[in-house]
Amino acid sequence: MNTRKSDELYKVAKDLMPGGVNSPVRAFGSVGRNPLFIDHGKGDRIYDVDGNGYIDYVCSWGPGILGHAHPEVIEAVVKACYDGLTFGAPTGKENQLAALIRECIPSMEMVRMVNSGTEATMSAIRAARGYTGRDKIIKFKGCYHGHSDGLLVQAGSAALTQSVPDSGGVPASYAQQTLVALFNDEDSVRELFENNKDEIAAIIVEPVAANMGVVLPQDGFLTFLRDITSDNGALLIFDEVITGFRLGLGGAQEWFGIKPDLTTLGKIVGGGMPMAVYGGRRDIMEKVAPVGKVYQAGTLSGNPVATSAGIRTIELLQSDPGIYTRIEERAKRLAAAFREYAKKTGTPLHVNQIGSLLSAFFTGQDVHDYAGAVSSDTDAYAKYFNRMLESGIYVAPSQFEAMFVSNAHTEEDIDTTINVILNQ
Ligand SMILES: *Cc1c(COP(=O)(O)O)cnc(C)c1O
């Protein structure tokens, strides 16, 4: 595999940007090679600057549910561009997207558009605090909600009593407002509510955790979160930045039949453009400025180009009811192949899959929480990643990310991928 041009670009990039990238995981740090610089993508594939093509299971970390450069999405974007890139004034497209979102996800009675998932979760938490008049929030170890100060907290083994920031530059005093519980561990949540009576504004959770690899909620866990928040006057925030429009038009809340108070969306909702959304109960969202006192704003929020890409993407998802079963079936075939490989070779491997999301963890343990996920052999993952890449298959350069199946993946792609998995 010739990567001369990518290597040259990387060398220049490292001098210009920290690590040569604009988001850390792109640097390929945990798989021991230089990142590939992408030239273009089409459907199921991306092509690097050296002309190598790959079947792409990263899908830009989730947005690419229709594959790359879907002609109808591109057409909508180009048309919107000719009408002007940004006005800083409302357009009818924002109504259209907001109405589509509410049609698909009825709990989002009212929404606010922003530009990234980070902004959506940060703003949802501010709205929750403004609504409840409380400061503390609960998050789960291993769940990622973007990089705002208060959410970069995972805490160590002292998880349940002490909250320490996970990143330099985050004030300890700020991190103390973030309490950390363990995913799928009801007692860890109960304990925090008992020790912080009437102080907790909200629980924020990825209903299917997909940023420590894919980790499913155990039976009853989300119902438990719904009940304990309601019983304690706290709000339940579902961070559906990955699961929204991924597990179905109604996201994880439809899949599991749970109605959160607030929801955040990102990734697919922008159809590949920078766009994210938070929203939920009307009485909470009416606390947001200019109606209420919770301030939140954005020069490019609800941008007409991003809005057009989102609208067209959701319309395409709505217009083909077979999409979600198709991509789920394909993900199941991949999951089965990993299990077969594990059996055949005696490799410790645990596969989690739901809808079109899956992860193969290189561990002999069941993975239902952070501890299970980090028991994985990341060197074995790096070897697997490199073998896949050399065989023309692009998977996430980290054990702790999901594999995304898109509607552009053909049965033939899946066959090819299974063949590589089984014969590595
Ligand atoms: C990607 C992600 C975010 C952050 O979104 P950005 O657009 O990268 O800021 C937040 N929450 C979840 C669940 C995500 O997967």
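When you look at Ala76, is it at negative phi, outside any loop (DSSP other than H, G, I, E, B), crowded, with 20+ Cβ neighbours inside 10 Å and within 16 Å of the ligand (Cβ to nearest atom), yes or no?
The answer is no for Ala76.
Looking at Val374, is it open to solvent by 20 Å² or more (accessible area, probe 1.4 Å), of a type in the set (Val, Ile, Thr) and not assigned by TED's automatic domain parsing to the domain that holds Asp185?
Yes: the conditions hold for Val374.
Go through Leu216, Leu182, Leu249, Leu236 for me and flag whichever is closer than 16 Å to His145 by Cα and open to solvent by 20 Å² or more (accessible area, probe 1.4 Å).
After applying the criteria, what remains is Leu182.
Please specify each residue of the range 404-424 satisfying the condition of being in contact (Cβ under 8 Å) with a residue 24 or more places away in the chain, in a loop (DSSP other than H, G, I, E, B) and open to solvent by 40 Å² or more (accessible area, probe 1.4 Å).
Asn407, Thr410, Gln424
Among the residues in the range 329-347, are any within 29 Å of Pro71 (Cβ to Cβ) and of a type in the set (A, V, I, L, M, F, W, C)?
Yes: the range 329-347 contains one or more residues that are within 29 Å of Pro71 (Cβ to Cβ) and of a type in the set (A, V, I, L, M, F, W, C).
What's the number of the condition Met108 fails, among (1) touching a strand residue (DSSP E or B) at 6+ places or on another chain (Cβ under 6 Å); (2) open to solvent by 30 Å² or more (accessible area, probe 1.4 Å); (3) on the phi < 0 side of the Ramachandran plot?
Of everything listed in (1) touching a strand residue (DSSP E or B) at 6+ places or on another chain (Cβ under 6 Å); (2) open to solvent by 30 Å² or more (accessible area, probe 1.4 Å); (3) on the phi < 0 side of the Ramachandran plot, Met108 misses just condition (2).
Within the set of pairs 6+ apart or on separate chains, which have a first residue in the range 286-311 that is basic (Lys, Arg) and in a loop (DSSP other than H, G, I, E, B), a second that is surrounded by 16 or more Cβ atoms within 10 Å (Cβ to Cβ) and at pLDDT 95 or above, and C-beta atoms under 9 Å apart?
What qualifies is Lys287/Ala127; Lys287/Gly130; Lys287/Tyr131; Lys287/Val294; Lys293/Gly130; Lys293/Lys287.
With the structure loaded, tell me whether Ile228 is among the β-branched types (Val, Ile, Thr) and away from the ligand (no atom under 16 Å from the Cβ) or whether it fails that test.
Yes; evaluated as a whole, the condition is true for this residue.
Within the range 10-56, restricting attention to residues that are within 16 Å of the ligand (Cβ to nearest atom) and assigned to a loop (DSSP other than H, G, I, E, B), which residue is most open to solvent (accessible area, probe 1.4 Å)?
Here the answer is Asn22.
The values are calculated or read from the model by the stated rules, or taken from the named source; none is laboratory data. All values derive from a computational prediction rather than experimental measurement. No Cβ is skipped: glycine too gets one built from the backbone with ideal geometry, and neighbour counts run over all protein chains shown. These area figures cover heavy atoms from the full protein model, side chains too; ligands, DNA and RNA do not enter into them. Shrake-Rupley method; radii C 1.70, N 1.55, O 1.52, S 1.80 Å.
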